[in-house]
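Nothing in this text is a laboratory measurement; each read-out follows from the coordinates by a stated rule. Just so it is clear, the structure is predicted and the values come from calculations on it, not from any experiment. Using ideal geometry, Cβ is built from the backbone for each residue, glycine included, and neighbour counts are taken over all protein chains shown.
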Amino acid sequence: MNDNKAVIKKFYSSFQRLDADSMNACYSDDIIFSDPVFSILKGEEVKAMWEMLCANAKDFSLGFSDIELLDEEYATCKWKATYTFSKTGRKVTNNIKAYLRLKDGAIIEHSDAFRLSTWLAQAFGWKGILFGWTGFMKRAVQKNARENLIKFIETKYPVQHT
């Protein structure tokens, strides 16, 4: 099996087990990540995001398929996560296409693509259906996700003052 395919399989197999440490071991230290909720994250922010998401997952299941190696660096993969969104208690099924760039046996760039308005409709019910297409609601969810990540990082990795 190609090394890049093995790294991708390890990443998503680890995600199935909610093993953020093993997931993050698949990344380079200077990983760049983007998705419609968190926008762009770099390095330790990315790793903290996966730690937070794995720690908070409820009724979680994940499947992945169609790993396609586009060349020696680039790959795509489809994955589907089903879980209960903690803020509303609503069940969400998110179909995602990942775009990955790998170098020296590690993922160096990772972008997840999904329709945010579809996710908002599932996560927030009628409010998401009515307002999920608006920039206002999308920005509010992005802001909330960023604030939750910052709180998680500050709690997990408090700054040591001397």
At a 10 Å Cβ-Cβ cut-off, how would you order T118, T155, fewest neighbours first? T155, T118
Cα-based convex hull, the range 33-162, per residue volume (Å³, whole number): 123
Straight-line reach only, C-alpha to C-alpha below 13 angstrom: list the aspartates and glutamates that K103 could link to, leaving out same-chain residues fewer than 8 apart. D3, D29, D30, D71, E72, E73
Whole-Hz Karplus couplings 3J(HN,Hα) for the range 8-16, θ = phi - 60° and coefficients 6.51, -1.76, 1.60, Gly and Pro as x, run 5, 4, 4, 4, 6, 5, 5, 4, 4
Assuming R0 = 25 Å, can you tell me the calculated FRET efficiency for the pair S86 and S111, based on Cβ-Cβ distance, to the nearest 0.05? 0.55
Ordered by residue, what ³J(HN,Hα) values in Hz, to whole numbers, does the range 135-150 give under the Karplus form 6.51 cos²θ - 1.76 cosθ + 1.60, where θ = phi - 60° and Gly and Pro are x? x, 4, 5, 4, 5, 5, 5, 4, 5, 4, 4, 5, 4, 5, 5, 4
In deg cm²/dmol and to the nearest 500, what is the mean residue ellipticity at 222 nm of the chain if only DSSP H runs of at least 4 residues count, each as -39500 (n - 2.57), divided by the residue total? -13000 deg cm²/dmol
Can you give the relative contact order of the range 3-114 as a percent, counting alpha carbon pairs under 8 Å and 6+ residues apart? 26
